[in-house]
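Let me begin by presenting the structure, written as structure tokens, before commenting on it.
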Amino acid sequence: MMHSLQNRHAVSSRCMGVGRSHSLRVCRAVQTADPLQVVLGWAGSNKIATDKLAVANDLATDVPVFVAAKDLPAGDAILQVPDSAWITADTAQKSAIGKYVGSLEPWLQLALLLLAEKGQPGSSWSQYISSLPSQPNSPLFWSDEELQLLEGTQLLESVLGYKQFFSEQYQQLNEELFSPNRAAFPADRVNRTSFSWAVASVRSKLHAPLDADPVALVPLADALPHRRNANAAWKLKSAGIFGKGKVLAVEATRAVRKGEALVMDYGPEKLDNALLLDHAVLDPSSNKVSTWRAKL
């Protein structure tokens, strides 16, 4: 138990910016300027109401977050994003790379769509993509020195396994898809580094109930940070004529005071190691220390 507590304290310290001078790079993703303002601009372009949101620095991390613009009762819909504004496999298949990606797994289609649309001024997704961290927090991107913090834990084994899996995925796609179709997947935009960025971005932004069937990125809604003591949650609802459409609502799970940070639990059933690996997040107040248990 002492070993697991020490490991968890080390990683938690990095995530709070404590320790070596470069710890902030590990635990806070390198972000574009004013990412929340950028995604609010996207919401305005898509006529999504944001009157219940404001932006302020989080008291715990000093990072800009969405806060309640007014007092919100429990069950209130803080914002609603219709399925027409989601990024799905169908979105990818209707894009310029659609004819190349239809047979791939949905999460891969989303990752390749991000690559295809990134840096394209005319893209309807350019604002959302520019709001994503340019350097993800994921342990998949940590240096060997930084991974030593996980020495002796099951998490390190998982990280190394995922790194190998994604490397093999890239190698296969590069040989079978990217290289034969460079007009659609130019080497300056689609390479091992950018592929890793896209995969990590998709993994970090997928949340239940839109992380399996269907798989969807939901701009704006996915900008809420992770905390175990959440005050908001994703709810999937029917919408439109005869309820054939869907809307992703972010609902208050309890009464929220004006100015309070809006936060959601990325995986109530998950231990912290899974959240760090999948979403590159760690709540420093979490007491799920079994995350860092040593391998026996």
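The values are calculated or read from the model by the stated rules, or taken from the named source; none is laboratory data. Please read these numbers as outputs of a predicted model, since none were measured by experiment. Ideal geometry is used to build each Cβ from the backbone, glycine not excepted, and the neighbour counts take in all protein chains shown. All accessible areas refer to the heavy atoms of the entire protein, side chains included, with ligands and DNA or RNA removed. Shrake-Rupley method; radii C 1.70, N 1.55, O 1.52, S 1.80 Å.
Summary of values
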item: Cα-centre dipole for the stretch 56-135 with unit charges at Cβ (Lys and Arg positive, Asp and Glu negative), debye to 20; result: 360
item: Ellipticity estimate at 222 nm from DSSP helix runs (n ≥ 4, -39,500 (n - 2.57)) divided over the chain, nearest 500; result: -10000 deg cm²/dmol
item: Residue-level accessible surface for THR88, protein heavy atoms, 1.4 Å, Å²; result: 30
item: Heavy atoms of GLU260: accessible area, 1.4 Å probe, square angstrom to 10; result: 30
item: Tensor-based shape of the stretch 154-296 (alpha-carbon gyration tensor, a/c under 1.5 rounded, otherwise prolate or oblate); result: oblate
item: Only Lys, Arg (+1) and Asp, Glu (-1) charged, at Cβ; the chain dipole about Cα centre in debye; result: 380
item: Radius 11 Å from Cβ of ASN174, net charge of other residues (Lys, Arg +1; Asp, Glu -1); result: -1
item: Above-threshold pairs, the threshold being 25 Å between Cα atoms, out of LYS205/LYS246; LYS118/LYS244; LYS47/LYS94; LYS94/LYS118; LYS205/LYS237; result: LYS118/LYS244
item: Efficiency of FRET between GLU168 and ASP71 - r from beta-carbon atoms, R0 45 angstrom, step 0.05; result: 0.35
item: Spacing of the two label points (7 Å from each Cα toward its C-beta) at ALA49 and SER84, in nm; result: 1.6
item: Among SER196, PHE66, VAL281 - extreme Cα towards positive end, dipole of the chain, charges at beta-carbon; result: PHE66
item: Point-to-point label distance, ALA255-THR61, nm (Cα→Cβ direction, 7 Å offset); result: 2.8
item: Shape category assigned to the stretch 43-99 from the gyration tensor of Cα positions, a/c cut at 1.5; result: prolate
item: Sites GLN148 and GLN93, calculated FRET efficiency, Cβ-Cβ separation with R0 41 Å, nearest 0.05; result: 0.45
item: For the chain, with +1 on Lys and Arg beta carbons and -1 on Asp and Glu, the positive-most of TRP234, SER138, ALA116 along the dipole; result: TRP234
item: With every protein chain in place, the chain: carbon and sulfur % of accessible area (1.4 Å); result: 53
item: Per residue solvent-accessible surface (Å²) - the chain, probe of 1.4 Å; result: 48
